[in-house]
Amino acid sequence: MGPVLAGVLQLLALVGALALLHVPAGTYLARVYSGGRHLRVERWIYRGVGADPDAGMTWPAYLRGVLAFSAVGVLFLYLLMRLQGHLPGSLGFASVGPAQSFNTAVSFVTNTNWQSYSGEQTMGHLVQTAGLAVQNFLSAAVGMAVAVALVRGFARSRTDDLGNFWADLVRGTVRVLVPAAAIAAVVLVAGGVIQNFSGIHEVGQFAGGAQQWNGGAVASQEAIKELGTNGGGYFNANSAHPFENPTPFTNLFEIFLILIIPFSLPRAFGLMVGSLRQGYAILATMATIWLGFTALMMWAEFTHHGPALQAAGGAMEGKEVRFGVGSSSIFAVSTTLTSTGAVDSFHSSFTGLGGGLTLLSMMLGEIAPGGTGSGLYGMLVLAVIAVFIAGLMVGRTPEYLGKKIGAREMKLAACYLLVTPALVLVGTAASLALPTPAHSMLNPGAHGFSEVLYAFTSAANNNGSAFAGLNANTDWFNTTTGLAMLLGRFLPMVFVLGPRARAGK
Amino acid sequence: MNTSLTNTARLLGAGLRALLVLTLVTGVVYPLVVTGLAQGLFPGRANGSETRADGRVVGSSLIGQQDYGLDYFQPRPAHGLGQNTLNTRYRLILSGATNLSADSEVLLRQVQDAKAEVVRENSVPGHPVRPSQVPADAVTSSGSGLDPDISPAYAALQVPRVAQRNGLPVDRVEKLVRAHTEGRTLGFMGEPRVNVLELNVALRELTGRKA
């Protein structure tokens, strides 16, 4: 069997697994967010929070909950890194500087996981496990909560009640993410991913002498990193590192984890609005884009254009032998068409077309299938716009799921669409207009420009992957990409939560 | 909008309490439970798949090493690999890729130099290596810099050199490579590969050489 056929078979295996499992997963998600009894653990949590999980919230109250919870999350994570050197479980690593702490805190709370640091030399056990990995869960749960609130806005009429943010947050975490991540983590350990707290220790080498490694709770973080479409690696090399992703099976499994929730949410949406067909229309759109991009990526990488890759005889720069070109291509598309940004191969060394596809995937707004929650609400905004345009063309009052789409909804949808391109353009332009940011580029010329463009595209769309030659650990990039992540996450949420509730009146 | 100061403070308080409670669940209980399961069920793997030879640890079968010397099978280049620049009382390996672009002249030179070196080192009397025989993985750096594997083609290309330098018959070394070649998982996942550390450990056992 050739590598191309093997690549296609791996893609088909993924399609099969997703086709099979999105049904129970989607049904389960719909049930989780459709009321019902509270678990005992959840009651304890609500008591700890001091919130009434059954109190309905209007859209401003829901949004305030999201923003307050995220603001506290950023501040907490920022302080954890700033104080690392004085806290236990730091491996003796020093505290992280203010600009990088700001960037990283924002990055993990916004589900971006852009990393201007190298995990293995910067973050100790405490920050990784009790700080970064926690936000891997919570940012994903917030994304799902916002998506579900939007869906309720479509599903309910004559009410402003979008549900309760605290209940959605806790249910998503306790009933979906934690159990699924625990199972996934054990599967990953069985494949060879490490899970220990041994700290930094010496290990012998073949030629004599010793090497120093850090251990860590890698599998538990890896599982939620993919499942929550986060993408922040324990190690600098992310999912290319053999301790994060040791075998061809774990590689496919990690791609599956990235895709399972985003591809299950449309079914949950269909069930919640009482029309499975509407859910599957969304799902079909997502799947078509994902499959098409993957096919293009495989073609680009297998034909390996570019002088250096031609000379090498294959696009293996930045790729691991155990994955090869085929499954690296699937990973690259899946990570950029969701808001994940984990990488099992380095996009900067892809062919020009392949690297361009990763950029395009993010610029589409990460809607095929998109991040946990953010993919669904992004796609629903596009559906609203599509319905509006179609309505204009046939001369009918545009309606989506029985809700009239008026000028107010269209303005907010247009604002949603314009946020990320504006951030990308302004950030890139400002970086190139100023004298020093260009010093961060590794590659000269056009590819250096792409490194900067990629950085802002990745930040504003909350992806987190990089053309990683760029030295992003400067005050300029830490600050500006941090702002792009914040605005790219929360402004769209404002526009998403705003219009639907009004339309329900 | 109700944004009075007390309401905001109350909301932030609720947010903080939610964060602390959920940190307990997802940042303490969850990783500890997973660690317990991992250490109970798969202790070897959870601790880094260490490989032993002659009664001592010689590394991890998952982590590639660089300094084998020409008597042994060579790994892939690792130009993206670094050393820690922070917290420097440790000497940590910093995983990473070169991130050089497909049209980079630096990368082109790296590839050409690597190819020339592979041809030179592996051409032994009676077994000249042509540049077109050198597979892509032999002249490119991996994503992690720690790729533990090489392609079967790169292993096969090194067989005559390794056989000659160790005074072994070529077919004996070929057999060794075959025994350490892993096919695609279930026939279709990933790519066929040879684990360099495990192969070299077996080779050292065969030659009876000491580390």
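Scanning region A:367-404 for residues that are without any contact (Cβ under 8 Å) to a residue 40 or more places away in the chain and β-branched (V, I, T) yields A:V384, A:I385, A:V387, A:I389, A:V394, A:T397.
Among the residues here, B:P77 qualifies as surrounded by 17 or more Cβ atoms within 10 Å (Cβ to Cβ) and more than 8 Å from chain A (Cβ to nearest Cβ). Determine whether region A:226-245 contains at least one residue that is more than 8 Å from chain B (Cβ to nearest Cβ), of a type in the set (A, V, I, L, M, F, W, C), in a helix (DSSP H, G or I) and crowded, with 23+ Cβ neighbours inside 10 Å. Scanning region A:226-245, I find at least one residue that is more than 8 Å from chain B (Cβ to nearest Cβ), of a type in the set (A, V, I, L, M, F, W, C), in a helix (DSSP H, G or I) and crowded, with 23+ Cβ neighbours inside 10 Å, so the answer is yes. Filtering region A:257-280 to residues that are touching a residue at least 60 places away in the same chain (Cβ under 8 Å) and of a type in the set (A, V, I, L, M) leaves A:L257, A:I258, A:L259, A:I260, A:I261, A:L265, A:A268, A:L271, A:M272, A:V273.
Go through the residues of region A:330-339 one by one and say whether even a single one is closer than 25 Å to A:V146 by Cβ, in contact with a Ser or Thr (Cβ under 6 Å, 6 or more places away or on another chain), among the hydroxyl-bearing types (S, T, Y) and modelled with pLDDT under 95. Yes, region A:330-339 has at least one match. For region A:349-383, a residue qualifies if it is under 26 Å from A:E399 (Cα atoms) and in a helix (DSSP H, G or I), and the qualifying residues are A:S374, A:G375, A:L376, A:Y377, A:G378, A:M379, A:L380, A:V381, A:L382, A:A383.
Here is a yes/no grid of residues against (1) within 12 Å of chain B (Cβ to nearest Cβ); (2) in contact with a strand residue (DSSP E or B) (Cβ under 6 Å, 6 or more places away or on another chain); (3) surrounded by fewer than 24 Cβ atoms within 10 Å (Cβ to Cβ):
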residue	(1), (2), (3)
A:S118	yes, yes, yes
A:V127	yes, no, no
A:A130	yes, no, yes
A:N136	yes, no, no
A:A141	yes, no, no
A:R158	no, no, yes
A:D161	no, no, yes
A:L188	yes, no, no
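Sort through A:A433, A:A446, A:A413, A:A407 and tell me the only one that's within 30 Å of A:T159 (Cβ to Cβ) and free of Cβ contacts under 8 Å to residues at least 24 places away in the same chain.
Going through A:A433, A:A446, A:A413, A:A407 in turn, the sole match is A:A407.
Scanning region A:199-212 for residues that are more than 7 Å from every other protein chain (Cβ to nearest Cβ) and free of Cβ contacts under 8 Å to residues at least 60 places away in the same chain, we see that the one that is nearest to B:T35 (Cα to Cα) is A:H201.
What number of residues in region B:83-123 are at positive phi and in a helix (DSSP H, G or I)?
0
Identification of helices (runs of 4 or more DSSP H) wholly contained in region A:250-348 with 3 or more residues that are of a type outside the set (D, E) and more than 7 Å from chain B (Cβ to nearest Cβ) yields A:276-303, A:324-337. Under the condition of being surrounded by fewer than 15 Cβ atoms within 10 Å (Cβ to Cβ), farther than 16 Å from B:D149 by Cα and facing chain A (nearest Cβ under 9 Å), the residues counted in region B:53-68 number 1.
None of A:T397, A:T372, A:T303 is touching a strand residue (DSSP E or B) at 6+ places or on another chain (Cβ under 7 Å) and among the hydroxyl-bearing types (S, T, Y) except A:T397.
The values are calculated or read from the model by the stated rules, or taken from the named source; none is laboratory data. What you see is a predicted model, and the numbers here were worked out from it, not measured in a lab. Counting neighbours? That spans all protein chains shown, and the Cβs are built from the backbone with ideal geometry, glycine included.
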